Amino acid sequence: VSGAQKELAAQIRAPCYGLALGPDAEECTSVEELASAYASAIAEMQPTAPYLVCGTSVVGCVIAHAVANHFMESGASCGLILVDGCVSPPSVPLHDTTWYGMFYLLKEIGNLSSSIGEFVDFIQGAGSPANQLKFLTSFKPTDPQVSLTSWETAVYATLDRAASLKRIGVEPSSTSHTFSGPTALIVPRDRLGQALATASASHCDGDVVNLLLDSRHSEALL
């Protein structure tokens, strides 16, 4: 769970629980199985409804939508917040899951200052995996307490998580599930944000509220 998510949770006057992709995700073979596991973890911490599920970025929004549907199908009331992401293919192309994971890592604990699009162009232009790793290492935090070994461990862990998500199939897809509870879509106030909101709204038929932010895609939460 990222520092930005923790900062957001600290401002909410209610108990908040962060769900992070752990080793047990290796046992899941679909988004539905992962959502069921997350829903079980939530119910263990909070046995009774109502629930409010929040997903951030492209991957997080897909999982959150699936978790919220799991609760609704079980008869539990639930609300949904989608931050800077979507649950079905938007009218504009999105980046690979791997690059989103690396971008957030470098943006939050590294010293990356470019946009997601610029970052992807840079890393794809690096060519071979060895050159890409060298490029990623150039954004290592300047804090002397962060060793090169620990930094590379964080990079490889991010790549492993991205591989797991791709294996499970966690990406915007033409899902047949429609969430009927209240939904808030928090997206950038630009063409891409509108595309994300439109794509998600087509699978949310309850009360939907659009909250527009003056920020670029992938930087709304930060």
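The values are calculated or read from the model by the stated rules, or taken from the named source; none is laboratory data. None of the values given here were measured: they were computed from a predicted structure. Positions of Cβ are generated from backbone atoms using ideal geometry, with glycine treated the same way; all protein chains shown enter the neighbour counts. Accessible surface areas use protein heavy atoms only, side chains included; no ligands, DNA or RNA. Shrake-Rupley method; radii C 1.70, N 1.55, O 1.52, S 1.80 Å.
Points worth noting:
- Residues in segment 67-108 that are closer than 22 Å to Gln5 by Cβ, in contact (Cβ under 8 Å) with a residue 60 or more places away in the chain and among the β-branched types (Val, Ile, Thr): Ile81, Val83, Val87, Thr97, Thr98.
- Some residue of segment 98-113 being assigned to a loop (DSSP other than H, G, I, E, B) and either modelled with pLDDT of 95 or more or hydrophobic (A, V, I, L, M, F, W, C) (or both): yes
- Of all residues in segment 1-32, those satisfying the criterion of being charged (D, E, K, R) and without any contact (Cβ under 8 Å) to a residue 24 or more places away in the chain are Lys6, Glu7, Arg13, Asp24, Glu27.
- Filter pass, Ala64 being touching a strand residue (DSSP E or B) at 6+ places or on another chain (Cβ under 9 Å) and either free of Cβ contacts under 8 Å to residues at least 12 places away in the same chain or in a loop (DSSP other than H, G, I, E, B) (or both): no
- Look at segment 184-203: where a residue is in contact (Cβ under 8 Å) with a residue 12 or more places away in the chain and a partner is aromatic (Phe, Trp, Tyr), sitting 6+ places away or on another chain with Cβ atoms under 9 Å, you get His203/Phe179.
- Note on segment 6-22: among residues that are aliphatic (A, V, I, L, M) and loosely packed, with under 11 Cβ neighbours inside 10 Å, the one that is nearest to Glu33 (Cα to Cα) is Ala20.
- Residue selected from segment 205-222 under the condition under 27 Å from Ala76 (Cα atoms) and not in a strand (DSSP E or B), by the criterion most open to solvent (accessible area, probe 1.4 Å): Asp207
- Residues of segment 122-164 that are open to solvent by less than 70 Å² (accessible area, probe 1.4 Å) and under 21 Å from the mean Cα position of the chain (by Cα): Ile123, Leu136, Ala154, Val155, Ala157, Thr158, Leu159, Ala162, Ala163, Ser164.
- Pairing each residue of segment 120-146 that is closer than 10 Å to Gly110 by Cβ with any residue that is outside any helix (DSSP H, G or I) and open to solvent by 70 Å² or more (accessible area, probe 1.4 Å), provided the two are 6+ apart or on different chains, yields C-beta distances under 6 Å for Phe139/Asn111.
- Some residue of segment 17-39 being under 17 Å from Ala220 (Cβ atoms) and in a loop (DSSP other than H, G, I, E, B): no
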